[in-house]
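This report refers to the structure that appears directly beneath it.
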Amino acid sequence: MSKGIQVKTSQQSYRAIVGEGIFEEQIKEISDSFEGDINFLLVDENVEKYHSNIIDHAFEAAGKKLFMMSVPEGEKSKSISFWKTCVEFLLENGVRRNTPVFVMGGGVTGDVGGFAAASALRGVPLIHIPTTVLAMVDSSIGGKTGVNHSTGKNLIGAFYQPQKVVAEIAFLNSLPRNEWANGLSEILKYGAIERADIFDRATFFLEDEISKISREKLTDLIADCIQIKADIVKKDEFEGNIRAYLNFGHTFAHALEKACGYQSISHGEAVYLGMLAAIDLSNHFGANLKPDKLLNYRSLYSYRVSKDQLSLDDLMNHMKFDKKRTNQHIRFVLLKEWQSPILKEVATDTLIHQAWQTALQEI
Ligand SMILES: NC(=O)c1ccc[n+]([C@@H]2O[C@H](COP(=O)([O-])OP(=O)(O)OC[C@H]3O[C@@H](n4cnc5c(N)ncnc54)[C@H](O)[C@@H]3O)[C@@H](O)[C@H]2O)c1
């Protein structure tokens, strides 16, 4: 079973395909659609470790010479220095304007590899092969690519749309449990800002064993999340207004990730707490939301950082350096009610402090 979603942007209109057992056929079809006799693959080191047979087989079947490079796992690869390594790898091995660059892994590989594809020769064809839940539902869609800077996350990059997105569900079999929870945060985000039924449909994430999860339900849910993101990106490709709704919980999350040095908390764990904080802040501005819909999933998150290791002043300072700051105010995505997001400039530190305190109780 597979599903296809059309993503329309001004740069490119492309298909995202989600399903089980689609990988080999898709690689061949995509490879055949380009002239030339080489393919490039930038692949997350863990994906390569677990799936080298499938990967080798598919690219051999595509019948072109493959230049493959591993992307070391972790946020540290989203750096200027590793972006440079990727670009040099492409250029030194003869990438051309029409050579496909397959970028395969989670959001880290997708972001840095996507930015390398955007910048080598001012742009070479990019194909995203997301292998984490988060990358399937979020980072591979919509064209944001980039790397981090010491002053903050994702501060250097480009909007660069892929030619295609291939989300092969079978790759998720090797994904560690905590990474499923990371992806779940972005899925719950779509539930909060757009589609109420997602909160109930995602309950299969609570299964004890990943192998018990229905691949059909998973494919459906991932496809629906991609559709939500595609609809938003179509209306606001460059985040002039409503695309910012996708940042629900993220202003808090980015500060947390930074306070933890991008090490002791993952993006998804931070987004989960960030959404709890954003709900609290929304309630201060007149909403009346109970966080139960999120808290139902609390057991899936196990934090490696404790509350005492985090200073509120630190978190506030990190927030003030976030991209989403305007003048003295910090810009948040809040909810008027469930599925009704708004952008709000907040100047009062006390309210933000309170929101942090509420969320950090969950650590
Ligand atoms: N571009 C965007 O629009 C966008 C949106 C959301 C998040 N992001 C970015 O995405 C990043 C987070 O992405 P992520 O959560 O996918 O993390 P990640 O890329 O670090 O992957 C998480 C871990 O899973 C491993 N892994 C990946 N696929 C695997 C598989 N199939 N089997 C076993 N292990 C596997 C990786 O090696 C890594 O250890 C952050 O940098 C965030 O800023 C970008």
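The values are calculated or read from the model by the stated rules, or taken from the named source; none is laboratory data. If you're wondering where the values come from, they're calculated on a predicted model, not measured in any experiment. Glycine also receives a Cβ, built like all others from the backbone with ideal geometry; neighbour counts cover every protein chain displayed. Heavy atoms of the whole protein, side chains included, go into the accessibility calculation; ligands, DNA and RNA do not. Shrake-Rupley method; radii C 1.70, N 1.55, O 1.52, S 1.80 Å.
If the limit is 19 Å between Cα atoms, which of 153/320; 164/234; 189/290 go over it? Long pairs (Cα-Cα over 19 Å): none in the table. Under 5 Å between amide hydrogens, built in the peptide plane, is the criterion, and for residue 164 it picks out 128 among residues at least 5 positions away or on other chains. How would the chain be classified by its alpha-carbon gyration tensor: rounded, prolate or oblate, with rounded meaning a/c under 1.5 and the a/b versus b/c comparison settling the rest? Prolate is the answer for the chain, as a/c is 1.5 or above and a/b outweighs b/c.
For residue 65, a cut-off of 18 angstrom between C-alpha atoms picks up these lysines, skipping any fewer than 8 places away in its own chain: 28. Centroid-to-centroid, using Cα positions, the stretch 12-83 and the stretch 99-113 are 8 Å apart.
Quick check: residue separation of residue 316 and residue 29 times 0.36 nm, minus the Cα distance between them. What number comes out in nm?
Here the answer is 98.4 nm.
Given the options 311, 172, 74, identify the residue whose Cα lies farthest towards the positive end of the charge dipole of the chain (+1 on Cβ of Lys, Arg; -1 on Cβ of Asp, Glu). Positive-most Cα among the choices belongs to 311.
To the nearest 20 debye, what is the magnitude of the charge dipole of the stretch 225-325 about its Cα centre, counting +1 on the Cβ of each Lys and Arg and -1 on the Cβ of each Asp and Glu? Don't skip to the answer; put the middle values down first.
Values: 14 positive and 12 negative charges, 34 e Å.
Here the stretch 225-325 has a charge dipole of around 160 debye.
Given contacts defined as C-alpha pairs under 8 Å and at least six residues apart, what's the relative contact order of the chain, whole-number percent? Display every interim value, and only then the final one.
Numbers: 687 pairs, mean separation 56.0, N = 363.
This gives 15 percent for the chain.
Taking every Cα-Cα distance in the stretch 2-174 and sorting them into 5 Å bins from zero, the calculated P(r) comes out as 1, 9, 20, 24, 23, 15, 6, 1, 0 percent. Of 96, 331, the residue with the largest accessible area leads and the full order is 96, 331 (1.4 Å probe). Largest first and in whole Å, the equivalent-ellipsoid semi-axes of the stretch 177-360 read 26, 20, 15, each the square root of five times a Cα gyration tensor eigenvalue. Computed over the chain with a Gaussian network model linking Cα atoms closer than 10 Å, the most mobile of 208, 56, 32 is 208.
At a Förster radius of 30 Å, what calculated FRET efficiency corresponds to the Cβ-Cβ distance of residue 88 and residue 37, to the nearest 0.05?
Working: r = 21 Å, r/R0 = 0.71.
Efficiency, rounded to the nearest 0.05: 0.90.
Based on DSSP H segments of at least four residues, each scored -39500 (n - 2.57), the chain has a per-residue ellipticity at 222 nm of -13000 deg cm²/dmol. One Cα centroid belongs to the stretch 158-179, the other to the stretch 263-341; the line between them spans 25 Å.
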